[in-house]
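A quick write-up on the structure given underneath.
The values are calculated or read from the model by the stated rules, or taken from the named source; none is laboratory data. Since we're looking at a predicted model, the values are computed, not measured. All Cβ positions, even for glycine, are placed from backbone atoms using ideal geometry, and neighbour counts span all protein chains on display.
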Amino acid sequence: MAKKSDKKQKALWFHNAGDVPVAPAGFEFVSASVSTGGEGLFLFIEAPFGDEARGTFTRYGAQFPEPRLSEEKIYRLVVVDGWETSYEIEFPPLDLAHPLVDLFADGRVLIAGSRAAWHGPGKFDLNGAIFDPLTGNLDRFLLGDGIESLGIDGDNRIWVSYFDEGVCGNLGWNGPGPWGLSSGGLVCFDVQGEVLFQFNTKSRETYILDCYALNVSQREVWAYYSDDFDICRVDGLFSPKVLKLQDIEGSSVLAVADAGLVLGRQYHEPPDMFHLVRRDGDWLEPMGQVRGRLPEGTLCNVSKLFGRGRHLHVINGHGWFRADISELFCG
């Protein structure tokens, strides 16, 4: 018991990882994330359309993200590696709303809108795009509606996780239209947009209703999901292994080290709370909680984090911060 209590007293320390760039002239901030390779990705849209890129509409008394912009606009991506801006990429005009981005190893960029509506037979929003800044080539394809997160692995395969609206169907999918790609819960695509793997199948014993957290690394993919709040590991050969996890529900971020995992806060917990899980092969054991701390000991008081391999990232108004969770499992 004393050992477990000691673990609870540890802190998860975040250290400065890089600067947050200012908006380029004539552009407004839209979103920030971290690439699978660890670069900071800061996305901007031509002014004054930042609010539209994050726009919503109301239906049946509930709010939903807009699937598209009213007309095409120009996005610009600023890539930061450490304390300097490495480079900037300006996209051709796009109609994507609520965009997510990641980088391919060869310099191409994936940008995807979170939503994709079905409008009729053979008519639907193409919410995925791969842009090559060297050639100017832009390829559009469908990545499915209701994207929660995405990442590109070491073989240039695109992994996409979906929230419940995408899995169950909305915006025309699963009535009156067909089941969408996102019904797979966790889906892997090639660079042409062809499906290579999907988690939800009739033969699978467990089912992703809502994928809360996704961690894509060079060699494997981890997902934390409901219906039962289990964890799934998928290797490079598309062999999934479901790992049972007890007593942790609602976390939206996941980082994975050899000796253990760290998940973000559960429902109704403070945003600086993290959960340690010991890992021994395919066996998981919750170990307790730690509090996140930014440099100088300030609380990690954020609602959105990013898990990339063994690192957790925070990007907020004060900077970009990174924590290596393997330090929590030493000794």
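Listed values, structure above:
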item	result
Residue that is crowded, with 17+ Cβ neighbours inside 10 Å and in contact with a helix residue (DSSP H, G or I) (Cβ under 8 Å, 6 or more places away or on another chain), where the choices are G169, G177	G169
Members of region 225-243 found to be hydroxyl-bearing (S, T, Y) and either in contact with a His (Cβ under 6 Å, 6 or more places away or on another chain) or farther than 17 Å from Y162 by Cβ (or both), listed by number	S239
Scan of region 296-331 for residues that are among the β-branched types (V, I, T) and either surrounded by fewer than 16 Cβ atoms within 10 Å (Cβ to Cβ) or in contact (Cβ under 8 Å) with a residue 60 or more places away in the chain (or both), ordered by number	T298, V314, I315, I325
The lone exception for T85 - which of (1) under 30 Å from G144 (Cβ atoms); (2) part of a strand (DSSP E or B) it fails	(1)
Test set (1) at positive phi; (2) out of contact with any Asp or Glu (no Cβ under 8 Å at 6 or more places or on another chain); (3) surrounded by fewer than 20 Cβ atoms within 10 Å (Cβ to Cβ) - G144 fails condition number	(3)
Selection from region 90-102 of residues that are surrounded by fewer than 19 Cβ atoms within 10 Å (Cβ to Cβ) and either touching a Leu at 6+ places or on another chain (Cβ under 9 Å) or at pLDDT below 95 (or both)	E90, P92, D95
Elements of type strands (runs of 3 or more DSSP E) in region 117-167, at least 2 residues being over 23 Å from R219 (Cβ atoms) and not acidic (D, E)	118-120, 128-131, 138-141
Single residue of D247, D190, D235 found to be acidic (D, E), surrounded by fewer than 20 Cβ atoms within 10 Å (Cβ to Cβ) and more than 16 Å from I152 (Cα to Cα)	D247
Number of the condition not met by W320 [criteria: (1) part of a helix (DSSP H, G or I); (2) under 21 Å from the mean Cα position of the chain (by Cα); (3) of a type outside the set (S, T, Y)]	(1)
